[in-house]
Amino acid sequence: MRRIYGAEIEMDRIVASASAMNALMIAIQCLVGAGDSAVVIGPVWPNAENAIAAMGAEVRKVDLQVQPDGSWRLDLDRLVDACDATTRLIVVNSPSNPTGWMAGEDELRGVLEHARARGIWILADEVYARIVYGRRYAPSFVTLATADDPVVIVNSFSKSWSMTGWRLGWIIAPRELNVAIEKMTEFNISHPTTFAQWGGVAALDRGDDYVDALVRRYAEAAELVYQRLSEVPRVRLSRPRSAFYAFFGVDGVTDSFGYAVELIRRARVGLAPGVAFGAAGEGHLRLCFAASLPKLSQALDRLVPVLRG
């Protein structure tokens, strides 16, 4: 047994992967193909939907709705309406890259109840589940789903333990599906690098203090970014609750890619254009605050005057 986010998970439900992206791809290979559809909650890091398209399945985006305060909300009815007889998969990234949206337990439970009733799989990307502010963990399908529910949970050592280059993650799935996942792991990579797996064991067994310190630093960075950007009248931003991104709207910006290029030229600060995460991200920019406070302060000193226009 392995305790994950307050739940005891049997070891035969866990498969090690070479990164979260490898885990997502393998799960998608097992679950969808030509003629299927998959519903993806956006705006979102685009690799999962591209993997779905690579398998010949149709991607249906259901975007979160931006609120007047700059926060994002899931419309569960729209998500349900996007599913039909061809739908095999719902992809949920919470906490979210880029929006920082963190689904509540009621929202996750609503998605799960719909998936159970319709026989649709959930693919949950929970790589930022430990990077949350004001609580220990983000709400997770780990504690809501039973061992037999149609839920695949993907996680990674990259974010919480700063092990990006190690390329190590894991999958939690029902035992029956893990038979296929283990085969696809063999066909794709054979297995994750052995020494990286031992690093993961050390992180899980002795890394909590490191994660706690990292989250405290990110919380300071989140507050710094929020305070500085919220001073700009044309910026729409809610206080980050999870992950390490400020995804903010800028009034008057209709070409986020072009504006990001302009910010590089005028402020010498690189931000990701919102449109990179889907059409719903247009007019927004993503600032990653996983950096030192001095570096962030310097970047904000350059960025804020340009944003003021």
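Details
- With one equal scatterer per alpha carbon and no solvent term, the Debye-computed log10 I(q)/I(0) for segment 1-111 at 0.21 1/Å reads -1.25.
- For Val304, Val40, order by how many other beta-carbon atoms lie within 10 Å, fewest first: Val304, Val40
- Stretched out straight at 0.36 nm per residue, the stretch from Ala117 to Gln227 would grow longer than its current Cα-Cα span by 35.2 nm.
- Estimated inter-spin distance, Arg135 and Ala180, nm [label 7 Å along Cα→Cβ]: 3.2
- Subtracting the Cα-Cα distance of Thr193 and Phe257 from their residue separation scaled by 0.36 nm leaves 19.3 nm.
- When only Cα pairs below 8 angstrom with a gap of at least 6 residues are kept, the chain shows a relative contact order of 19 percent.
- Charged side chains reduced to their Cβ positions (Lys and Arg at +1, Asp and Glu at -1) give the chain a dipole of some 1080 debye around its Cα centre.
- Longest DSSP-loop-exposure-free segment, trypsin sites (Lys or Arg not before Pro), the chain, at most 13 other Cβ within 10 Å: 1-134
- Within the chain, helix-based [θ] at 222 nm, where runs of 4 or more DSSP H residues each add -39,500 (n - 2.57), nearest 500: -12000 deg cm²/dmol
- Residue order, fewest to most beta carbons within 10 Å, for Val39, Val253: Val253, Val39
- Spatial offset of segment 194-266 relative to segment 131-163 amounts to 18 Å, using the alpha carbon center of each.
- Annotation: for a label point projected 7 angstrom from Cα along Cα→Cβ of Arg268, residues of segment 281-308 with backbone N closer than 17 Å are 294-307.
- Among Val39, Trp166, Ala57 the positive-end extreme of the charge dipole of segment 2-206 (Cβ point charges): Trp166
- Among [x] 20.1, 64; [y] 19.4, 57; [z] 20.1, 60, the entry that matches Rg and Dmax of the Cα atoms in Å as calculated here: [y]
- Between the helical axis of 194-206 and the longest alpha-carbon principal axis of the chain there is an angle of about 70 degrees.
- DSSP-defined beta bridges in the chain - what % are antiparallel, rounded to 5: 55
Each value in this text was obtained by applying a stated rule to the coordinates, not by laboratory testing. As the structure is a prediction and not an experimental result, all values here were calculated from the model. Neighbour counts are summed over all protein chains in view; Cβ atoms, including those assigned to glycine, are modelled from backbone coordinates with ideal geometry.
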